[in-house]
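Chemist: First the structure, which I've put down as structure tokens, then a few questions once you've had a look.
The numbers here are math on the coordinates, done by the rules we state, and not lab data. Keep in mind that what you see is a predicted model, and the values were worked out from it rather than measured. Cβ atoms come from the backbone with ideal geometry, glycine included; neighbour counts cover every protein chain shown.
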Amino acid sequence: MSAAYGSLSGNFREEVAGSVNESEQVFVLYDTYGKDYWACYVRTVDGQFGWILCTDVVRN
């Protein structure tokens, strides 16, 4: 376990469950960051939940 991921490392799964289109609206529920990443836990308009890179989120 890398120190950069701290206690959250066990919560991440290494699989892609879906994707978000560039124009799709998401709601950022919370975020976390470490040495090499900044990730946002989001909910889509249709109720899907998942992690995305926060650097890919544009605030409107």
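Chemist: What list do you get for TYR30, TYR41 if you sort them by fewest beta carbons within 10 Å?
Modeler: Working: TYR30 8, TYR41 17.
Ordered from fewest to most neighbouring Cβ atoms within 10 Å, TYR30, TYR41 come out as TYR30, TYR41.
Chemist: So how do ARG59, ARG43 line up by other beta-carbon neighbours within 10 Å, fewest first?
Modeler: On the way: ARG59 4, ARG43 13.
Ordered from fewest to most neighbouring Cβ atoms within 10 Å, ARG59, ARG43 come out as ARG59, ARG43.
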